[in-house]
There are 2 protein chains.
Amino acid sequence: MVQFSKRVPADGTDAVGAILAAAADPSVISFAGGLPAPELFPVAEMKKAVDTVFDEHGREAMQYGASRGVTELRELITKRVKEREGIDSKVENVMVTTGSEQVLDLVGKAFIDEGDEVLVEDPTYLCALDVYRSYGAKFVSVPQDDQGLRVDALEEALKNHPKAKLLYTVSNFQNPTGKTMPVDRRKKVAELAAKYDVMVLEDNPYGDIRFEGEHVPAIKAFDTTDHVLYMSTFSKILAPGFRLGWVLGDPKVIDKLTVLKQSTDLHTDQLAQWAVVEFFAQNDINKHVDQISALYGKRKDLMIEGMKKYFPEGVKYTNPEGGMFLWVKVPGVTDTVELFKKCLKEKVAFVPGDPFFAGKPEPGTFRLNYSNMQEDKIEEGLKRLGKALSDAVNENK
Amino acid sequence: MVQFSKRVPADGTDAVGAILAAAADPSVISFAGGLPAPELFPVAEMKKAVDTVFDEHGREAMQYGASRGVTELRELITKRVKEREGIDSKVENVMVTTGSEQVLDLVGKAFIDEGDEVLVEDPTYLCALDVYRSYGAKFVSVPQDDQGLRVDALEEALKNHPKAKLLYTVSNFQNPTGKTMPVDRRKKVAELAAKYDVMVLEDNPYGDIRFEGEHVPAIKAFDTTDHVLYMSTFSKILAPGFRLGWVLGDPKVIDKLTVLKQSTDLHTDQLAQWAVVEFFAQNDINKHVDQISALYGKRKDLMIEGMKKYFPEGVKYTNPEGGMFLWVKVPGVTDTVELFKKCLKEKVAFVPGDPFFAGKPEPGTFRLNYSNMQEDKIEEGLKRLGKALSDAVNENK
């Protein structure tokens, strides 16, 4: 008889997996995914970069490497976070990881003992909840308003949970809500982290993909006491398939994360790391990011137009200035999974809100993705969704 | 104040790291490493394979992929284990991982709760000990003789530890000893696993690299009751830098490992997976493996000659039929780290045996690597080592 550890989820608990499987039916227009638009992948440019890598660093790209990552890539990262986010760092502040998902995992491994408290914005990125749950975390959920994490509620939570180990926050175009924290709140988060001596994990996968409004510097840029770990990825601006993420922080912490990475997968793929170094040398990454932002912005605009046109009155939704997701709230709905099933009958899909909540789920909420949705399908998809929502709202009257 | 979890090793406990750092001095001839010979990496052929990947699967290689791995690669693995090891499997038995180190980590996550017992051959692969220790394992060490794991001692251990969760074994050219388990013992291990209902993790990174003797089928080939998880890697036959390993077993277990992989790094690098599929399509992998085996065999022979010539009487060493390592035992030595320091003064290095033991370390033992040692340095290295060992043996007389 196979005896799994307590960490292993029981059978039939992968609700999101079941939803994505249902949404994979080709007759369904699915806003459930979370993929970048593959038509913008710079395939030819990457092929050229990889060819150069084989010519100039072939053996190095195929040999074992350092757990902390290729130095040239770590240098590139410190340069980029200075330019984009105003973060001062040195190469010893940075570790490259196998996708940013691995940062979540290693930070969980490094900080969370069974029963430790982790503060999260409610709702938040569901994979982060899965990871921290697997290390036995107890969640303390902090509510959001239109501007993201409420810092008054955060201070209250820090007072009430003085032993909390970690605050996890997605500061830009949050997954799932699309919300962005304004600069005054970022300063306050950095200040509270120091005051209450809690580690902040700032996750910024989407920050570069801004199509409206003004850039806001990272929380990390206001961290003068080494209380913020900053993480990001090349997945949204270049190639998620390469699994390249990174974490930046106090070398004392980065050293320990490196030891843990060593016994997790030794190091990150060398070819992928060198490929990104060479791609950056041969191409203007910012021009490429602008193209992505322009396309996603156009798709987001079509989403807003379509929702205005087809959604029944009273349905609320966010209007993100960047990123890949927006968040919908249908009033009067009590069972979001039922609503999902109704929509699936109309051949349209989304991710129900429930699994994004560490606390009590807010019924009638769901996440829509637009980054990987062809423009010509957006209107038809929202028409179907509007019909299903109207039926649901009418039933609940 | 940064508060790490209980899993994080204390400062200054990375003995092996310190040893490798000391051995990195270019004036030192180091047998301490564990790298494949980079001069045999098929750089030009891999460049060609990757070019084809970009031409035919460019977007797929850059996009997110399945946690379980690229289907074509999993098919290739099932075909290869049938041909080489006599293992019958289907594609649902296989998950691709970020190097075989990740199999160790995921199996630890999936099976080991704090205090669970894990059976290991003593000595064994030190990274496996690190990983299982990080999940709170208690080790039960099973002694070896010249033919590897002693199955009589294994049965005794299984009787005395009926709740043991796992037996970890490196069946071919074991790291660190270079020993290979004969076929009758393999059958017995499979039988005992079923009888005592314990999961076996059979780790076979080196099995393809045989330069002498007859191939022995995997323990997994004798497993009729789904008690063996079999793991291997493309690191030793192709490119460790690509971080491609895999695990094969009961789909019930593979499914759970896949869920855990999802919250560890989502999936393995797509480009690397497609590159290997394409490399296998364009090249004769067995011819390449034969070249590797021939070179390592030649180097091993030079090691044996040199040890005969320069080592003082009474020093014992293994004579492996394949793989990358051999194991030395110097009689009368009580402190192996002291011995290491003496050798370092003679400008020669190895990995002391202590960290490979889960139980009481056997003093005077150490591991030598020859796969990445240039032929012209072997004699000089062993001459230096022989001098240091002679001094140590004479001191202890």
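Quick note: the coordinates plus some simple rules give every number you see, no bench work behind them. If you're wondering where the values come from, they're calculated on a predicted model, not measured in any experiment. All Cβ positions, glycine included, derive from the backbone under ideal geometry; neighbour counts span all protein chains shown.
Points to keep in mind about this one:
- Label points for residue B:45 are taken 7 Å from Cα along Cα→Cβ. From this copy to the others they lie 3.3 nm apart, shortest first.
- Under 5 Å between amide hydrogens, built in the peptide plane, is the criterion, and for residue B:136 it picks out nothing among residues at least 5 positions away or on other chains.
- For the range B:1-39 and the range B:116-170, distance of Cα centres in Å: 24 Å
- Space enclosed by the convex hull of the alpha-carbon atoms of the protein assembly as shown, per residue, Å³: 156 Å³
- 31 Å Cα-Cα threshold exceeded, pairs from B:287/B:377; A:47/B:256; B:256/B:360: A:47/B:256; B:256/B:360
- Given their separation in residues at 0.36 nm each and the Cα-Cα distance between them, residue A:27 and residue A:338 gain 110.0 nm when the chain is fully extended.
- Greater than 25 Å apart at Cα, pairs in A:316/A:345; A:82/A:163; A:6/A:109; A:90/B:342; A:188/A:308; A:316/A:342: A:82/A:163; A:90/B:342; A:188/A:308
- Span from the the range A:290-320 Cα centroid across to the the range B:300-364 one, whole angstrom: 67 Å
- Fraction of antiparallel bridges per DSSP, the protein assembly as shown only, in percent to nearest 5: 50 percent
- Under the simplified labelling scheme, the residue A:212-residue B:212 pair shows an inter-label distance of 7.4 nm, with each label point 7 Å from Cα along Cα→Cβ.
- Spin-label pair residue A:45-residue A:11: with each label point 7 Å from Cα along the Cα-Cβ axis, the two points sit 4.9 nm from one another.
- Inter-copy label distances at residue A:309 (7 Å, Cα→Cβ; nm, one decimal): 8.4
- Whole-number percent relative contact order across chain A, with pairs defined as alpha carbons under 8 Å at least 6 apart: 24 percent
- Put a dot 7 Å past the Cα of residue B:91, heading toward its Cβ, do the same for residue A:383, and the two dots end up 3.6 nm apart.
- Distance from the C-alpha centroid of the range B:369-397 to that of the range B:199-229: 33 Å, rounded to the whole angstrom.
- For residue B:200, residues with placed amide H under 5 Å, excluding near neighbours: B:167, B:228, B:229
- The range A:43-282 - share of DSSP beta bridges that are antiparallel (%, nearest 5): 40 percent
- Quarter the surface of the alpha carbon convex hull of chain B and you get the mean projected area, 20.4 square nanometres.
- Average Cα contact separation per residue, the range B:61-282, under 8 Å, 6 or more apart, as relative contact order %: 30 percent
- Positive minus negative residues near residue A:267 (Lys, Arg vs Asp, Glu; Cβ under 11 Å): 0
- Legend: calculated FRET efficiency, residue B:395 to residue B:282, from the Cβ-Cβ distance at R0 = 51 Å, rounded to 0.05, equals 0.35.
- Cleavage-rule hits (trypsin sites (Lys or Arg not before Pro)) in the range A:107-168: DSSP loop, at most 12 neighbouring Cβ within 10 angstrom: A:163
- All other residues whose Cβ lies under 13 angstrom from that of residue A:136 are scored, Lys and Arg at +1 and Asp and Glu at -1, for a net of +2.
- In nanometres and ascending order, the distances from the residue A:255 label point to those of the other copies are 4.5 (point 7 Å from Cα along Cα→Cβ).
- Using a Förster distance of 60 Å, the FRET efficiency for residue A:184-residue A:59 (Cβ separation, nearest 0.05): 0.75
- Relative contact order of the range B:153-259: 23 percent, from C-alpha pairs under 8 Å at least 6 residues apart in sequence.
- GNM flexibility winner over chain B from B:116, B:11, B:130 (Cα, springs under 10 Å): B:11
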